[in-house]
């Protein structure tokens with residue numbers, strides 16, 4: 001049973017978030033777990049839009065782990081050269097392919113995934129959640145790192161501590177929904193500047209919104 005923070009039961013409080021975003025597919029347009037792993041690695045510090053744009057030609061040339069395992073990192077450069085840190089990412093992807101060898105041997109758990117180069121907890125949480133695995137953590141990207149403290153579910157700005165705090169407050173069955181829900185909320189509503197608070201489905205439990213409303217009333 002997840003704990004509650006103060007008087008807020010976050011499982012109940014965030015149910016509108018789960019309802020709105022819970023069934024929405026990740027923005028990366030992958031077709032299988034092999035493509036998901038490669039695209040998640042490439043997307044770090046790059047946009048999903050860019051990765052979706054370059055992916056079809058990349059996967060036409062390297063349609064599986066077996067094909068990728070035969071490549072050299074430089075063979076990927078023509079497809080990924082516009083992506084941040086593309087040289088290291090190419091090395092990581094080829095190294096993973098040579099380690100895993102076949103698509104069916106791709107790890108689906110946190111321990112196995114985080115042993116692979118280029119995959120940390122955030123990336124592993126995305127892969128586990130999107131591939132239908134049992135959640136072992138919560139995705140904490142730059143959006144979740146902004147949204148979670150604003151909501152008040154954590155007071156930290158450190159990804160590891162944010163994930164830990166969310167996991168304490170939310171039942172495991174909601175971990176993937178919570179991470180992805182906050183990610184979509186951060187992309188669309190809870191922006192760094194000028195957040196669209198009146199459009200937010202969880203504004204009534206949001207600490208940031210309460211402060212915003214209080215300040216607005218005082219300036220009337």
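The values are calculated or read from the model by the stated rules, or taken from the named source; none is laboratory data. Everything numeric in this text was worked out from a predicted model, so none of it was measured. With ideal geometry, Cβ positions are generated from the backbone for all residues, glycine too; neighbour counts draw on all protein chains shown.
Give the residue that is surrounded by the most Cβ atoms within 10 Å (Cβ to Cβ), with candidates limited to residues of region 22-40 that are assigned to a helix (DSSP H, G or I) and under 13 Å from the mean Cα position of the chain (by Cα).
My answer is 37.
Please specify each residue of region 66-83 satisfying the condition of being within 25 Å of the chain's Cα centre (by Cα) and either surrounded by 14 or more Cβ atoms within 10 Å (Cβ to Cβ) or outside the structural domain of residue 115 (by TED's automatic domain parsing) (or both).
Scanning region 66-83 gives 68, 76, 79, 80, 83.
Here are 63, 56: which of them is over 15 Å from the mean Cα position of the chain (by Cα) and not in a helix (DSSP H, G or I)?
63
Given the structure, is residue 129 at pLDDT below 95, under 18 Å from the mean Cα position of the chain (by Cα) and at negative phi?
yes
How many of the residues making up region 142-161 are under 22 Å from residue 45 (Cα atoms) and either in contact with a helix residue (DSSP H, G or I) (Cβ under 6 Å, 6 or more places away or on another chain) or part of a helix (DSSP H, G or I) (or both)?
12
Take the conditions over 16 Å from the mean Cα position of the chain (by Cα), closer than 25 Å to residue 195 by Cβ and assigned to a helix (DSSP H, G or I) and apply them to residue 165. Does it pass?
yes
Just checking, how many residues over region 90-126 are closer than 19 Å to residue 61 by Cα, at pLDDT below 95 and either touching a strand residue (DSSP E or B) at 6+ places or on another chain (Cβ under 7 Å) or surrounded by fewer than 16 Cβ atoms within 10 Å (Cβ to Cβ) (or both)?
Going through region 90-126 one residue at a time, the tally reaches 2.
Of all the residues that make up region 137-158, how many are within 12 Å of the chain's Cα centre (by Cα) and more than 17 Å from residue 205 (Cβ to Cβ)?
Looking only at that region, the number is 8.
Go through region 41-57 and report how many residues are buried (at least 20 other Cβ atoms within 10 Å of the Cβ) and modelled with pLDDT under 95.
Looking only at that region, the number is 0.
With the structure loaded, tell me whether residue 74 is under 27 Å from residue 149 (Cβ atoms) and touching a helix residue (DSSP H, G or I) at 6+ places or on another chain (Cβ under 8 Å) or whether it fails that test. Working first, answer last.
Working: under 27 Å from residue 149 (Cβ atoms): no; touching a helix residue (DSSP H, G or I) at 6+ places or on another chain (Cβ under 8 Å): yes.
When the stated conditions are applied, residue 74 does not pass them.
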